[in-house]
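**Student:** I'd like to ask you about the structure that follows.
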Amino acid sequence: MSWTERDKKVVWHPFTQAQTAAEPMLIERAKDASYYDSEGRKYIDINSSWWVNVHGHGNKRIQEAIAKQFGEIDHVIFASATHKPGIELAEKVVDILPEQYSKVFFSDDGSTAVEVALKMAFQYWFNKNQPKKRILALEGAYHGDTFGAMAIGQRGFFNRPFEHFFFEVDFLSFPDGENNGEQLAQGEKLFATGEFAAVIVEPLIQGSAGMRIYDKEWLNTLLQIAREHGVLVILDEVMTGWGRTGKYFAHRHIQESGDIICLSKGLTGGVLPLGLTVTSDKVYDAFLHPETAKALLHGHSYTGNAIACAAALASMQIFEEEETWKNVDRISRRHADFLQQLAKYPIVQKAESLGTIVRFEMVLSDNTSYFSDLRNTIADHFLQAGVFLRPLGNIVFFNPPYCITDSELDQVYDATVSLIEKLSQ
Ligand SMILES: *Cc1c(COP(=O)(O)O)cnc(C)c1O
């Protein structure tokens with residue numbers, strides 16, 4: 001039996017309709033910005049392995065940090081016990097976030113970082129004897145796949161079987177420019193009810209909605225209004241963190257900086273699962289009380305995994321000491337130049353870039369659903385051209401590891417142009 005046959009027999013893949021899906025690619029090796037298949041053929045990992053990888057695969061420094069940490073502490077309980085890599089990571093993360101951030105809660109991935117943020121927000125008000133039940137989110141939002149995270153995300157296609165279990169959430173329509181003022185007024189009206197525990201956003205860009213970029217002044221104003229009404233602001237920087245938008249975090253593009261911030265994806269350089277929910281003393285202090293029941297009674301078996309912490313520390317050192325920011329700027333500039341090149345093709349629409357992310361839509365007919373054949377045509381075309389890409393329907397986006405070379409970027413851009421020319425005929 002081949003490996004892919006063995007796979008089909010026993011593996012249930014995420015976000016995959018096994019009855020119709022193409023065979024998954026068997027990856028034998030991953031190094032720098034690329035995957036290698038069993039024939040040694042190279043594929044550029046243009047979506048950074050589900051948006052997590054920032055320094056490339058097989059990074060020596062992260063490898064050494066992991067090996068060293070394993071020799072000291074692999075994994076230990078994180079309640080009634082602590083360890084140096086956990087403490088150091090918390091210190092460093094607090095250091096690079098705005099002033100109000102002072103306490104770090106550890107979990108396992110982006111969804112759990114968001115669940116923890118929600119539980120903190122609800123319990124914050126509960127502990128203050130002012131229980132508030134409402135949450136404001138943005139239409140099109142994606143915050144993860146656990147129940148709380150699903151509830152505050154876009155309803156519909158991806159979560160219909162569960163929808164009747166979700167708590168009530170108010171959604172502001174996406175600020176696409178036309179009614180931006182109205183949405184702010186709507187937000188203000190909702191906050192003024194005094195019933196909102198928190199507002200949560202993916203700052204500046206919605207990832208799973210199709211890398212939708214929105215106005216930073218609008219966001220800043222919404223968050224300012226929330227703060228003025230005492231509504232807690234949760235920034236889900238799971239996707240936007242770690243240089244993705246051109247700065248360390250997306251909130252660095254605006255003045256408001258929230259009360260709770262969720263981090264994961266690129267946190268460990270994209271090599272080990274880890275989630276962080278970082279908050280202020282204002283939130284933390286609401287949980288201090290002689291009664292245990294006022295504490296955040298939440299945790300996971302792998303909370304504070306020491307090896308993941310060591311990987312995250314190494315990743316932060318790479319940001320500080322290597323050419324990471326130069327590469328982030330280089331990719332950002334190249335993406336922006338590439339956009340100019342796309343302008344002349346009528347089938348390419350809504351082409352935009354933000355930092356190391358560039359996105360555009362291929363519009364042929366009404367063939368734009370998640371299942372559309374166009375999606376598969378696009379993915380196949382790139383695969384043939386040596387680029388591993390996972391489009392969102394007809395939306396193509398590149399968010400590469402920062403070590404991607406100029407010639408690899410050229411290969412990706414050339415493959416894009418040849419796709420467009422093929423589809424324009
Ligand atoms: C990916 C993502 C999550 C969920 O993270 P997982 O690690 O996949 O659970 C949450 N929020 C945003 C903005 C994301 O992009």
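**Student:** How about segment 395-412: which of its residues are in a helix (DSSP H, G or I) and open to solvent by less than 10 Å² (accessible area, probe 1.4 Å)?
**Tutor:** The answer is Leu409, Val412.
**Student:** Take Ile378 and decide whether it is buried (at least 21 other Cβ atoms within 10 Å of the Cβ) and either among the hydroxyl-bearing types (Ser, Thr, Tyr) or under 19 Å from Gly56 (Cβ atoms) (or both).
**Tutor:** Considered against the rule, which asks whether it is buried (at least 21 other Cβ atoms within 10 Å of the Cβ) and either among the hydroxyl-bearing types (Ser, Thr, Tyr) or under 19 Å from Gly56 (Cβ atoms) (or both), Ile378 comes out as no.
**Student:** Only one residue in Ser107, Ser102 is open to solvent by less than 30 Å² (accessible area, probe 1.4 Å), modelled with pLDDT of 95 or more and hydroxyl-bearing (Ser, Thr, Tyr). Which one?
**Tutor:** Ser107
**Student:** Name the pairs whose Cβ atoms lie under 7 Å apart, with the first residue in segment 137-157 and without any contact (Cβ under 8 Å) to a residue 24 or more places away in the chain, the second away from the ligand (no atom under 11 Å from the Cβ) and in a loop (DSSP other than H, G, I, E, B), and 6 or more positions between them or separate chains?
**Tutor:** Met150/Asn159; Met150/Phe166; Ala151/Phe166; Ala151/Phe167; Ala151/Val169
**Student:** Quick one: Glu217 ticks every box in (1) within 16 Å of the ligand (Cβ to nearest atom); (2) out of contact with any Leu (no Cβ under 9 Å at 6 or more places or on another chain); (3) of a type in the set (D, E, K, R) except a single one, so which number is it?
**Tutor:** Unmet for Glu217, out of (1) within 16 Å of the ligand (Cβ to nearest atom); (2) out of contact with any Leu (no Cβ under 9 Å at 6 or more places or on another chain); (3) of a type in the set (D, E, K, R): (1).
**Student:** Across segment 190-214, which residue is farthest from the ligand (Cβ to nearest atom) among those that are assigned to a strand (DSSP E or B) and open to solvent by 30 Å² or more (accessible area, probe 1.4 Å)?
**Tutor:** Ile213
**Student:** I'd like the residue in segment 250-273 that is farther than 18 Å from Leu313 by Cα and open to solvent by 10 Å² or more (accessible area, probe 1.4 Å) and, out of all such residues, is farthest from the ligand (Cβ to nearest atom).
**Tutor:** Gln255
**Student:** For segment 168-184, name all the residues that are farther than 21 Å from Ala209 by Cα and either β-branched (Val, Ile, Thr) or open to solvent by 60 Å² or more (accessible area, probe 1.4 Å) (or both).
**Tutor:** Glu182
**Student:** Is one or more of the residues making up segment 49-62 touching a strand residue (DSSP E or B) at 6+ places or on another chain (Cβ under 9 Å) and of a type in the set (Ser, Thr, Tyr)?
**Tutor:** yes
**Student:** Considering Ala151, Ala185, which residue is over 15 Å from Gly207 (Cα atoms) and within 19 Å of the chain's Cα centre (by Cα)?
**Tutor:** Unique residue meeting the criteria: Ala151.
**Student:** I've got another one for you. So, of the residues in segment 110-119 that are more than 9 Å from the ligand (Cβ to nearest atom) and open to solvent by 20 Å² or more (accessible area, probe 1.4 Å), which turns out to be farthest from Phe249 (Cα to Cα)?
**Tutor:** Lys119
**Student:** Next question. Can you find a residue in segment 285-302 that is surrounded by 17 or more Cβ atoms within 10 Å (Cβ to Cβ) and β-branched (Val, Ile, Thr)?
**Tutor:** Taking every residue of segment 285-302 in turn, none turns out to be surrounded by 17 or more Cβ atoms within 10 Å (Cβ to Cβ) and β-branched (Val, Ile, Thr).
**Student:** Ok, one more. Within segment 274-284, take every residue that is more than 16 Å from the ligand (Cβ to nearest atom) and hydroxyl-bearing (Ser, Thr, Tyr) and give me the one that is surrounded by the most Cβ atoms within 10 Å (Cβ to Cβ).
**Tutor:** Result: Thr279.
**Student:** How many of the residues in segment 20-62 are more than 16 Å from the ligand (Cβ to nearest atom), in contact (Cβ under 8 Å) with a residue 40 or more places away in the chain and part of a loop (DSSP other than H, G, I, E, B)?
**Tutor:** 8
The values are calculated or read from the model by the stated rules, or taken from the named source; none is laboratory data. Keep in mind the model is a prediction, meaning the values are calculated, not measured. Quick reminder, even Gly has a Cβ in these numbers, built from the backbone with ideal geometry, and neighbours come from all protein chains shown. Heads up: the accessible areas ignore ligands, DNA and RNA and are worked out on the full protein's heavy atoms, side chains in. Shrake-Rupley method; radii C 1.70, N 1.55, O 1.52, S 1.80 Å.
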